[in-house]
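Just below is one structure, and these are the notes that go with it.
The values are calculated or read from the model by the stated rules, or taken from the named source; none is laboratory data. All of these numbers come straight from a predicted model, not from anything done at the bench. Here the Cβ positions follow ideal geometry from the backbone for every residue, glycine too, while neighbour counts run over all protein chains shown.
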Amino acid sequence: MKGKKGLYIIIAVVVLLVVAAGLIYGQGGDNVDAVKAEKGSISITVEDTALVQAAEDYDLYSNQNARSKNVAVEIGQVVEKNQLIMQLENPELQLQLSENRSLLAQAQSSAAAASAGAKRLELQLEDARSDLARIEDLFEQGAVSKSEYEKAVLLVDTAGEALNEQLASLDTLKSQIQGAQESIGKLAELEEELQVYSPIQGVVLNLPVKKDQPVSAGTLLASIAAVQDLEIKADILSDDLGEIQIGQKVSVTAPVLGDNLLEGTVLKIYPQAEEKISALGVIQRRVPIIISIEDSANLKPGYEVRVAIETTHLEDVITLPIESVRKTDDGKKEVILIQNNRIKYQEVETGLSDSNNIEIKSGIKEGDLLVRDASLELKENMKVNPSE
């Protein structure tokens, strides 16, 4: 009995081992991460850093030699249209204005006197002409002598000459008045320009002039940007420019935006490249482009952002993770198919790829199961246990 009992135990152990081996064999051997071929999209982008700037800004310059009397704003301050930015003073201008106003007053006073004198001379000329007409009649009648007639003629001539001289003097004074008024007008315009106002509602970006600082014509006084209308300027490597066109979509990210992703559009591409030095000291040729954004969120001029310009976009194509495709020794592309839990190497034709996925043009179909990491060295037809 004891012998039979031992035999039963041995048979049971063997059966268990066979069942266990069968289970292991049925589970497919090694575990591998798998992925299914699915239809999706591929987006090719050109990425770079960029700076936010105002789409409209103004630089305010001094157009005369002066001195800053008062600076009414600070850098970063939001200002309204026609708000005072700075007051300048120009003592020489004030002296010229005072002198011209004094000359104008004198000329106006002299002109008033000359005008009154001209009116008196006109009356005297009229009287002299009336006397001449009366004496001329009497002379023809023989009632007065020739000398009396000639005296009357002389009085008319003298009065006429005096009036002409007075009128000429009055014209000169009028010319002086006009010249003084024109000078005062020009000087008054310069005086008004000593009060510097903001032409727009915006934010003060630059304020290089301090209080009591002398300035000359052409000195930058302030820079003001319109905060309600921002754009982004990116300097793109000239090698990448061939893929960029006006109207392409742009994604904008930045730490200050958090998870907020802004959308923009390529608005302008500059016609000429500029030499820039990279952070590593390498000379690069870069082309500025302008990106318009409808929603500026909490961005402000001068903020640095990251832009991704979408140069190509494919929809409804079969895609795989980039790591699921590998290159063979002869330069072809292949994937590792999983069919009936067995490995099969399959050649594929690939297309475009972005930072995550690659387009599969032929070789597999939607829904096929593949090894996620194509770099694994797996034997053809070996058993695997895939997990997605």
For segment 230-248 the number of residues that are surrounded by fewer than 16 Cβ atoms within 10 Å (Cβ to Cβ) and under 18 Å from the mean Cα position of the chain (by Cα) is 3
Has segment 198-209 got any residue that is in contact (Cβ under 8 Å) with a residue 60 or more places away in the chain, over 20 Å from the mean Cα position of the chain (by Cα) and not assigned by TED's automatic domain parsing to the domain that holds Ala297? yes
Do you know which residues across segment 106-159 are β-branched (Val, Ile, Thr), closer than 30 Å to Ser175 by Cβ and surrounded by 14 or more Cβ atoms within 10 Å (Cβ to Cβ)? Val156
Selection count, segment 88-105, where residues are crowded, with 17+ Cβ neighbours inside 10 Å and within 20 Å of Ala66 (Cα to Cα): 6
Of the criteria (1) surrounded by 15 or more Cβ atoms within 10 Å (Cβ to Cβ); (2) part of a strand (DSSP E or B), which one Ser296 fails: (2)
Being part of a loop (DSSP other than H, G, I, E, B) and at pLDDT below 90 is the filter; apply it to segment 163-206 and report the residue that is surrounded by the fewest Cβ atoms within 10 Å (Cβ to Cβ). Gln201
Take the conditions crowded, with 16+ Cβ neighbours inside 10 Å, touching a helix residue (DSSP H, G or I) at 6+ places or on another chain (Cβ under 8 Å) and closer than 18 Å to Glu388 by Cβ and apply them to Val335. Does it pass? yes
Hits in segment 318-376 (condition: part of a strand (DSSP E or B) and of a type in the set (D, E, K, R)): Arg326, Lys327, Lys333, Glu334, Arg342, Lys344, Glu347, Glu349, Glu359, Lys361
Quick count over segment 220-229, residues being crowded, with 19+ Cβ neighbours inside 10 Å and either touching a Pro at 6+ places or on another chain (Cβ under 7 Å) or hydroxyl-bearing (Ser, Thr, Tyr) (or both), is 2
Quick check on my filter: what residues within segment 222-235 are under 11 Å from Ser198 (Cα atoms) and assigned to a strand (DSSP E or B)? Ala222, Ser223, Ile224, Ala225
Between a residue in segment 97-110 that is over 12 Å from Ile184 (Cβ atoms) and any residue that is of a type outside the set (Val, Ile, Thr) and part of a helix (DSSP H, G or I), which pairs come within a Cβ distance under 7 Å, given they are 6 or more apart or on different chains? Ser110/Leu173
If you go through Thr312, Thr265, the only one that is hydroxyl-bearing (Ser, Thr, Tyr) and under 20 Å from the mean Cα position of the chain (by Cα) is Thr265
Does Lys300 meet the test of being outside the structural domain of Glu377 (by TED's automatic domain parsing) and at pLDDT below 95? yes
